[in-house]
Each structure stands twice: as C-alpha cells, then as structure tokens.
Amino acid sequence: MFRLAAFDMDGTLLLPDHTLGEKTLATLRQLAEKPIKLTFATGRHYLEMKDILANIGLEGFLITGNGTRIHDLSGHRLHASDLSEDCAHELLHTQWDTPASLHVFRDDGWFTALDDPDLLIPHQFSGFRYQLQDLRLLPDSGNSKVCFCAPHETLLALVPQLEAHFGPRLDLCFSAADCLDVQPAGSNKGSALALLTAGLGIDMSECMAFGDAMNDKEMLESVGMGLIMGNALPVLKERASHLQIIGHCRNQAVSHFLQHWLQTPHLTYSPE
C-alpha cells in the first residue's frame with residue numbers, strides 16, 4: 001500500500017494551458033480522503049504553490065524550487081538549501097555568452113531584469129509574478145535557485161559553459177525544454193522527498209510519484225512507483241526507460257491512472 005503520492009505540476013498535474021483540470025482536482029480530493037499524504041513537488045516558488053493549494057481547497061506537503069524548500073501542511077519550513085554565496089555571486093555577475101534570460105528565486109519572490117509578459121503565461125492560474133530587479137544588486141546569500149530561460153537549443157549551448165565554470169559546485173537540470181535550473185549541489189526533488197518521508201516515518205518504497213522532466217528524475221527513480229508522463233521530455237524517457245509511461249497531461253493522465261489504481265489495482269494499467 002502506498003502512503004504518499006508526489007506530483008510534479010507543469011506537464012504533469014496541470015493541463016498544457018497550466019490550469020488544473022476538473023477530473024484531476026476531483027481525483028486529488030478523492031485521494032486526500034485515503035490514508036495517503038499528498039505532496040506537490042515542483043520547480044515553482046513556495047509562495048505561488050501555497051496560494052494555489054489555498055485556492056483549490058487542498059492540503060499537501062510542498063517541495064518547491066526543485067527541492068530547495070520543503071514545507072509542511074501548516075506552512076512551516078522543514079528544510080532549506082541555498083546556492084553558496086560564491087556560486088550565486090558568480091552566476092549573477094558573470095557575462096554568460098547566451099541570450100537566455102536569467103531568473104532568481106529567493107524566499108521573498110521571483111526576481112528578473114527582463115520585463116516579458118510571456119513569462120507570466122504559465123502563472124495566470126495563480127497570478128504569481130516576477131519582481132523586476134537588477135540581479136547584480138541582490139545579496140549573495142539566500143538565493144535558492146537560478147534559472148535560465150530560452151529555446152532548448154540555446155540552453156543546450158549554455159550547459160558546457162556552466163559546467164566548465166562551476167564543475168561539481170552546483171547542479172544543472174532541465175525543468176522544461178525552455179528552462180535550465182541551476183541549484184545547490186545535491187539538492188533535487190528526490191533528495192527533498194527522502195528528507196520529508198524520513199521525518200514522516202514513511203519509506204520511499206511506500207511512495208508513488210509522477211513527473212515529466214529531468215528535474216523529476218531523481219524523485220521518480222527513488223520511489224516505489226515512479227510514473228512518467230507521455231508528454232515527458234525525450235531525454236527523461238530515455239534515461240529512465242525502466243519506468244512506466246502513462247498518458248498525456250492534456251488528457252489528465254494522472255487522474256486516469258489514479259482512478260485505475262483506486263478502483264482496479266489488480267489489473268494491468270493501459271494508458272488512455
């Protein structure tokens with residue numbers, strides 16, 4: 001029996017327009033009535049996720065910023081990890097050879113120097129917004145993650161620059177094809193879920209998890225049942241090929257899978 005279910009948001013729980021489908025919401029509410037702890041594990045900011053859960057009337061543990069923050073059901077922070085001050089300073093003060101825009105997550109919000117309304121499209125559901133800021137004026141401490149946003153090929157060209165500069169001092173992952181996240185070394189959704197479950201007295205084998213991008217890989221591979229979306233990044237499907245693939249987020253595949261699991265767990269699941 002699974003005691004915890006962990007969900008990525010974009011490309012997984014959310015529809016392609018970044019809203020939550022009615023079938024998915026109904027299934028989450030049904031699951032919440034079971035002895036199963038809901039956990040939402042996302043690259044989104046804690047402040048945004050807190051408001052989303054309040055607006056849809058659900059309680060859940062929150063793993064945000066790709067594992068850099070963990071909060072309990074009451075909003076108490078259980079864990080925080082930040083970029084080292086030297087890495088943060090170098091990230092924000094180096095002239096990287098890329099047209100990608102740069103974004104910073106801190107406890108008080110999302111900061112960027114780029115005023116681009118298109119960046120807000122994925123956040124229309126919540127109303128969460130960036131704060132315009134000369135990033136070089138931000139403190140070197142208290143930065144949980146930095147992300148670069150651009151078309152995928154542009155970000156792929158940036159990866160070798162960052163790897164050559166920082167080496168093992170930080171971790172890189174694609175949270176979407178157009179978003180490259182830069183995080184404290186060893187900080188990811190999988191390590192965060194391990195910390196959370198240890199505190200709850202739940203073994204990772206008693207967890208299921210759903211995801212679609214490379215920032216989900218550690219989480220999906222460390223639980224008892226990791227499920228990959230049909231719309232997942234091809235590199236995730238390739239590197240975690242031993243995991244089951246379910247349907248597309250546009251068809252609310254998480255809800256489809258969970259209804260099968262709740263009603264006919266003894267039968268083999270077939271994606272819709």
Cα Rg, Dmax (largest Cα-Cα span) when computed across the stretch 87-216, Å:
15.9, 46
Could you list the square roots of 5 times each eigenvalue of the Cα gyration tensor of the stretch 140-272, that is, the equivalent ellipsoid semi-axes, sorted largest first and rounded to whole Å?
30, 19, 11
Among rounded, prolate and oblate, which fits the stretch 165-230 when a ≥ b ≥ c are the square roots of the eigenvalues of its C-alpha gyration tensor, a/c under 1.5 means rounded, and a/b larger than b/c means prolate?
oblate
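In debye to the nearest 20, how big a dipole does the chain give about its Cα centre with +1 on each Lys and Arg Cβ and -1 on each Asp and Glu Cβ?
820 debye
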With a 1.4 Å probe and all protein chains left in place, how much of the accessible area of the stretch 55-127 comes from carbon and sulfur atoms, in whole percent?
46 percent
How much of the accessible area of the stretch 150-271, probe 1.4 Å, is carbon plus sulfur, in whole percent?
54 percent
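Do any GluC sites (Glu not before Pro) in the stretch 1-86 lie in a DSSP loop with no more than 16 other beta carbon atoms within 10 Å, and if so, which? Can you show the working numbers first?
Numbers: sites: Glu22, Glu33, Glu48, Glu59, Glu85; in loops: Glu33, Glu59.
For GluC sites (Glu not before Pro) across the stretch 1-86 that sit outside H, G, I, E and B with at most 16 neighbouring Cβ atoms in 10 Å, the list reads Glu33, Glu59.
Keeping all protein chains in place, calculate the accessible area per residue for the stretch 132-272 (probe 1.4 angstrom), answer in Å². Can you show the working numbers first?
Details: 6090 Å² over 141 residues.
Accessible area per residue: 43 Å².
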Run through all the Cα pairs of the stretch 117-161 and give the fraction in each 10 Å bin from 0, expressed as whole percent.
19, 37, 42, 3
To the nearest Å², the heavy-atom accessible area per residue of the stretch 40-93 with 1.4 Å probe amounts to 38 Å²
Have a look at Leu156, Leu114, Pro139 and report the one farthest towards the positive end of the charge dipole of the stretch 75-211, computed about the Cα centre with Cβ charges (Lys/Arg +1, Asp/Glu -1).
Pro139
Alpha-carbon radius of gyration plus Dmax, which is the widest Cα pair, for the chain in Å
18.0, 57
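The values are calculated or read from the model by the stated rules, or taken from the named source; none is laboratory data. All values reported here derive from a predicted model rather than from experimental measurement. Positions of Cβ are backbone-derived with ideal geometry, glycine not excepted, and every protein chain shown enters the neighbour counts. We work out accessible area using only protein heavy atoms, side chains counted, and drop any ligands, DNA or RNA first. Shrake-Rupley method; radii C 1.70, N 1.55, O 1.52, S 1.80 Å.
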